[in-house]
Each structure stands twice: as C-alpha cells, then as structure tokens.
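The values are calculated or read from the model by the stated rules, or taken from the named source; none is laboratory data. None of these values were measured; they are calculated from a predicted model. Neighbour counts run over all protein chains shown; Cβ positions are idealised from the backbone, glycine included.
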Amino acid sequence: MATNRLSNLSKLSQVAKMVINPNPPPPDAFLAIAKIFTKAQVRTKFRNLEELAESFRLNGIIEPLIVHEELDGRYRLIVGERRLRAAPLADFTDVPVLIKRGLTERQIRALQVAENNDREDLTAFEVATGVIEDVTAFGVAEAMKIWNRSEGWISKRMAVKRYLPLTLRMLSEELSGDLEILSVLNQIEEISPEEVQRYYTHLADDKPLPRDEIRNKLSLMRQQKIEAAEYELKRDEEITQSITNSPLSLDVEDEGQTESRGNDITSAIAEKELKKAADSLLKAAPEGKKGSLPEKPKMAAKKNAEKDTVEERKHQEAQLHQSRVDAIEWGDGNRLMFADLQEKFRLLNYKPNEGEFVLWSCFLDTFLPLLDSLGVERSKAYLSRLQSELKKKSVTSLFNELHGDEESKELSSSVTVPVMPEDWKF
C-alpha cells in the first residue's frame, strides 16, 4: 500500500514539473469554467488529466490560464487547455486567468506555440500539424516567426502533408517522431507498401528502427526499379527487332504493331503465325461463312508457344544455377590466392607495409569490378549489410550459415548453392 502511495506521489511530482511555473504571475481574475470556450490549437492529446486533477486538489491551480476577451463578453482560451480539462475532475467551478484583449489570430497562435514549445511535450505529429496549419493560414515567413525556427525546419514538417497512410500512422500513433527516417520510409511506401508494413509492425513491437537498413533498402529499391525499367526497354527492343527481321513480318505490314507481344520472342512470333493462319482461313472460307474460325489450330499454336516458353525457362534456370556454382568456386579460388600471396610475403621477407599494399591492391582488383557491375546504390547497400552482419558473426559462421553447413570449419567450394530462407529480407 505504501509502495502505491509513493508511486502516486512520484507521478504527481512529474506532473507538477510539467505544469507548474516556478514563478507564476498573479491572476487577473477567477472565471467560471462555463464562460471559457476553446478552439482547435496545436496540442491534440491531453495526457495525465486525472493525475493533474489530483495535483489541483492538493495544491490548487497555481499557474493561471491565459484567455482572450471576445467582443460578445465570452473568453476564448489561449493557453492552458490541459488545466481547463482537469479542473472539473477536481470539482473546480472556476479557474485563475490572465486576460488578453485585442489580439490578432496570428498573435494568439504565437502565444500558444511559445507556451507549448517551452513545455517541450508536444508530439512530433502535433508539431507538424501545427506548422502545416500556420503555413496555410499565415505563410512560410510568418510560420517561421511563430515557431522561431528556420525555413528548413518548417519545410521538413510541411513534408508530412505528403506522407502516405502507413508512414503517417507511424507518426500520428507516436511509433516514431524521427522525420528524417520517416521521410525515407515514405519514399519506400511509394514503391512497396508491404515493406513499410513490415517496419510498422517492427515499431509496434517496441523494436527500434534499423536506420542504416532502411536507408540501404531505399537505395536498393531505387536501383532495382531502374534496372527493371532498363530490362523492359531492352526486352521490348529485342522483340520488336526479332519480329521486324522475321519473314512473317512481310505478311502483316498493313496491320501495324501487334496488340500483345506475349511474354517473350517465341510467343510474339507465334502470335504473328496465328494472324497469318487466320488471314489464310478467311480468304479460303466460302462467302457468308467467314464469321467463325476453327479453334484447334489456334490452341495448338498457343500450346506450342507455351511449351517453348517453359523449356526456355528451364534452360535459363540451369544456366543461372551454374553461374551461382561458378561464383562459389571463384570465391574459394580467391581465398586460396590471397593465402598464397601472404605465404610469398613471408618467403620474400616483405615489410608489413609492402605486404599490406599488395593485399590491398589485389583486394581492389578483385572487388571493384564486381561492385561496378552491381551499380553504386546496390554496392553501398550490400557493403553496409555485410558490415552489419560481420558485427554479429564471424566470416566462417556467416558463410556456413548461408550454405547450411554448420559442421564445416573452413570455407569450401564443395558446398551447395544457397536457398533463400522464407523470412529473408534485405
């Protein structure tokens, strides 16, 4: 019981620190709560109201609220909405106030922002929403004065207007207030909402955001998008060139480009053959019977095209598998080469600096062409991922984990080609 009381007193102490000005000005008057009305302001969430009410029961309302006297005799609340909401909970019917008169909307807003900035307990979402409202109402220059911040600071919060649903939820639900990383997540959400859903779940489970991973993820996704576009363009050009060079193209010059090129060159050419067969059947059909065509030749040609596509895919998969085996063998060959280099240093009595330069230059000769082929963004992402992995695992354990060979004590070219785990994510 005593422990609970101490806990409650601790909470009240924290609340008091947040809401009590050590040198509060004397109030101009005590106003009935019923005479004070509120308008939407910067703060939207009002926490610890019951604890605040308990503080009022013990100490009274020490710091006056600030109100503005309106022309109709009512009083508009400027500062102190938490106190106004907590007062009835403590059975108060009136509250101490400082009364302002003749203020503009811009001056009222500046007072509200200054008050909340001094308390430093606005959420990042409340701040961003407030900035957006002020820029909309008063312009960027005035918003900078109201918030006493730079144009860059204002701009970063204005960007919240462009946040997509999941990224905005992370901010509004206070899962993250880091606008820099949220901006990156918003760009990822434009490409793949599924990826951002994964990070949302990550935060909801009280796990910190892996900042480097997120930045690398965006870089890699951009690279993949560019490569996919380049691949599609190249593929379209190859199909067009193949059809143009085919003898079949002479029979369909007057029909323009085909409506659908299919999935590869084989299906594109097969479609041309079907068009040619259809034209022949129409010409050969008796008058009045050209409205329908037999389906079997068309279906047969389609099945042949599909069979060719399946065979081509199997052939490509076999080539890909062999390339992966080659990569493993090249990697093991490089390991042996670097071990041989170091043995030669010892035989030649190389100085440490000389040996390091040779290793460094060979390292660059081995990896720079590889990194060049991967592209700048993917290279950065891969190197960062590798650095992160090596902080947690040794080189050998990482290699053995990749190949599912936990018993192996050294790297070997006899391992199998890695299979991607179901939960693997980059």
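Checked against (1) under 30 Å from Ala228 (Cβ atoms); (2) surrounded by 11 or more Cβ atoms within 10 Å (Cβ to Cβ), Ser373 meets all criteria but (2). Which numbered condition in (1) of a type in the set (D, E, K, R); (2) modelled with pLDDT under 80; (3) in contact with a Ser or Thr (Cβ under 6 Å, 6 or more places away or on another chain) is the only one that Lys302 fails? It fails just one condition, (3).
The number of residues in region 150-174 being part of a loop (DSSP other than H, G, I, E, B) and either touching a Cys at 6+ places or on another chain (Cβ under 8 Å) or surrounded by fewer than 18 Cβ atoms within 10 Å (Cβ to Cβ) (or both) comes to 4. Within region 201-241, the set of residues being under 12 Å from the mean Cα position of the chain (by Cα) and acidic (Asp, Glu) comprises Asp212, Glu213.
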